[in-house]
Amino acid sequence: MSSNSQWSSRVGFILASAGSAIGLGAIWKFPFWAGANGGAAFIIPYIIFTFTIGVVLVMAEVAIGRKGRGSVVTALRSVGGPWYALMGALGVLTSFVILSYYSVVGGWCVAYLWDAVGGNVTISDPQILKDHFGNLVSNGYLNVGWHFAFLTLTCAVVIGGVEAGIERVSKYLMPMLFILMLAIIVRGLTLPGAWGGVEYLFNFQWENLTSNAILNAMGFTFFSLSLGGGILVTYGSYLPGKTSVPHSSLWIAVLAIQAAILAGLMIMPAVFAFGMEPNGGPGLVFITVPMIFSHVPFGSIFAFFFYVCLLVAALTSAVSLLEVVTAFMQNEWNLSRKKAVTINWVALFLLGSVSALSFGVWSDFTVGGRNFFDLLDYVCTNFMMPFGGLVIATLAGWKAWPVVREQFRIGNNFGPGILKVFHFILAFLAPILVLVAFYQGLFG
Ligand code: PHE
């Protein structure tokens, strides 16, 4: 995509945005966050957040992008003025920082795909798998090297153009990922003891509903919908003028939530069946999934396709993050696409390497018990992205509501009632929820 091109169709836009939404957030992060935050006490708020403030903020971002055109800074300036342009720049920074550590996890996917090619991932001994994962992340050369590989792939896609390569590929691989996940779920659920995992995911207990679980659920809603970093503003700016924004946004939310729930069902039953801890941390997916593969016929072939799909899912999200920064540099700094991507390649490699090394040689550096990687993720997910959402909500709900309302109306016959609901969510509900969550997170 260049800054003045457009998606070829509504489906193209939905697929690209869903591609951005569905990624490591759903498949890697969701299971271990749900595990660490009391299962249903995390999932239920996540679903509620998604279908209230989540969808409406997606709509608002897309609407502002389409109205303003250009990068997130350009669009926010044209719809909201110079102050909002500055807030847009904060979104660019958020996307940049997220991509730096996202690429480290993307690197793990490349590493496991590499293992799968060699037939080395279908191991049934949890200790071996744990050691294998621990070794990968704590070995600086390996972790930085795989991060570099993933980042390079991402840069290559963004230079080559989003619609030419990645869109075409993901059209086939994303549905395949769903099918593979369903197959893994079926196998996982038929293991003895697996049902405990389903109960863990869906059995709601009040005492688990802590303010921290709610803050994390809200942060995850932003993360999973790719909100607050300017992604949907940027993608929205390529949206043809007649497409219905609310309709497409609902699709994005439904697809994102479905991916996360499927991932939870893929991982949690296996965790219980194999007697592991549900709060096993970031290695959970990389340890349990290979164990399931060791319990199916042709496990290594399954594993290979699974990691291909996972890598593509991660790549489509990483591409969207890089696209935000690239579009910004093209629009605001007049850099060529190639130059912008090259600068990011180097800068992201350096910053990401610090995250990569924070599992090994630099693991002693912690803030509040978090290593550098966790710290970036915590700040971006729980603060920067919700703050970006707050910016969009105040712009769409207060300053530019008439403009946003016009965008919402295109292609729809909304009565005044539903528009009032959208307006209420943008002007009041979203800002209040974000502020309460901030307060809880900082002082609660
Ligand atoms: N939504 C993506 C995922 O779940 C991650 C992401 C976050 C992408 C923010 C873009 C912006 O993997």
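The values are calculated or read from the model by the stated rules, or taken from the named source; none is laboratory data. Just so it is clear, the model here is predicted, and its values are computed rather than measured. Virtual Cβ from ideal backbone geometry, glycine too; neighbours counted across all protein chains shown.
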Name the pairs: first residue in the stretch 230-244 and more than 18 Å from Val55 (Cα to Cα), second residue among the hydrophobic types (A, V, I, L, M, F, W, C), Cβ to Cβ under 6 Å, at least 6 apart or on different chains? Tyr238/Met1; Tyr238/Trp7
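Only one of Pro45, Pro31 is at negative phi, in a helix (DSSP H, G or I) and away from the ligand (no atom under 15 Å from the Cβ). Can you tell me which? I'd like the intermediate steps shown before the answer.
Working: Pro31 fails: away from the ligand (no atom under 15 Å from the Cβ).
The conditions single out Pro45.
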Any residue at all in the stretch 364-387 that's hydrophobic (A, V, I, L, M, F, W, C), more than 23 Å from Leu321 (Cβ to Cβ) and crowded, with 17+ Cβ neighbours inside 10 Å? no
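Residue under question is Ile128, and the condition is that it be surrounded by 15 or more Cβ atoms within 10 Å (Cβ to Cβ) and either among the hydrophobic types (A, V, I, L, M, F, W, C) or modelled with pLDDT under 95 (or both); does it hold?
Numbers: surrounded by 15 or more Cβ atoms within 10 Å (Cβ to Cβ): no; either among the hydrophobic types (A, V, I, L, M, F, W, C) or modelled with pLDDT under 95 (or both): yes.
Judged against the criteria, Ile128 is not a match.
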Return only the number of the condition from (1) among the aromatic types (Phe, Trp, Tyr); (2) modelled with pLDDT under 90; (3) surrounded by 24 or more Cβ atoms within 10 Å (Cβ to Cβ) that Trp7 does not satisfy. (3)
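Taking the stretch 330-341 on its own, how many of its residues are without any contact (Cβ under 8 Å) to a residue 24 or more places away in the chain and either in a helix (DSSP H, G or I) or within 30 Å of Leu142 (Cβ to Cβ) (or both)?
To start, the set of residues in the stretch 330-341 that are without any contact (Cβ under 8 Å) to a residue 24 or more places away in the chain comprises 333-336, 339-340.
If we keep only those that are either in a helix (DSSP H, G or I) or within 30 Å of Leu142 (Cβ to Cβ) (or both) as well, we get 333, 339-340.
Total meeting the criteria: 3.
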Out of Arg66, Arg77, which single residue is charged (D, E, K, R), at pLDDT below 95, in a helix (DSSP H, G or I) and more than 16 Å from the ligand (Cβ to nearest atom)? Arg66
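Hey, can you tell me all the residues within the stretch 283-316 that are of a type in the set (Ser, Thr, Tyr) and assigned to a loop (DSSP other than H, G, I, E, B)? Step through it out loud before you land on a result.
Applying the first criterion (of a type in the set (Ser, Thr, Tyr)) to the stretch 283-316 yields 288, 294, 300, 307, 316.
Within the stretch 283-316, just Ser294 meets the criteria.
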Pairs under 6 Å by beta carbon, first residue modelled with pLDDT of 95 or more in the stretch 353-366, partner not in a helix (DSSP H, G or I), six or more apart or different chains? Ser358/Asn371
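Do we have Ala60 as touching a residue at least 40 places away in the same chain (Cβ under 8 Å) and more than 17 Å from the chain's Cα centre (by Cα) here?
Details: touching a residue at least 40 places away in the same chain (Cβ under 8 Å): yes; more than 17 Å from the chain's Cα centre (by Cα): yes.
Yes: the conditions hold for Ala60.
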Suppose we keep only residues that are hydroxyl-bearing (Ser, Thr, Tyr) and within 16 Å of the ligand (Cβ to nearest atom) within the stretch 320-367. Which one would you say is nearest to Val73 (Cα to Cα)? Thr326
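Those residues that are within 16 Å of the ligand (Cβ to nearest atom) and within 12 Å of Pro126 (Cα to Cα), I need them from the stretch 255-284; list them, please.
Of the residues in the stretch 255-284, the ones within 16 Å of the ligand (Cβ to nearest atom) are 255-264, 266-267, 282, 284.
Across the stretch 255-284, the qualifying residue is only Leu284.
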Is it the case, given these coordinates, that Val110 is touching a residue at least 24 places away in the same chain (Cβ under 8 Å) and more than 30 Å from Ile292 (Cβ to Cβ)? no
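Somewhere in the stretch 277-293, is a residue touching a helix residue (DSSP H, G or I) at 6+ places or on another chain (Cβ under 8 Å) and closer than 21 Å to Gln6 by Cα?
At the first step, the residues of the stretch 277-293 found to be touching a helix residue (DSSP H, G or I) at 6+ places or on another chain (Cβ under 8 Å) are 277-293.
Right, trim to closer than 21 Å to Gln6 by Cα and you get none.
Within the stretch 277-293, none of the residues are touching a helix residue (DSSP H, G or I) at 6+ places or on another chain (Cβ under 8 Å) and closer than 21 Å to Gln6 by Cα.
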Kindly check whether there is at least one residue in the stretch 85-99 that is away from the ligand (no atom under 14 Å from the Cβ), buried (at least 24 other Cβ atoms within 10 Å of the Cβ) and closer than 21 Å to Trp401 by Cα. yes
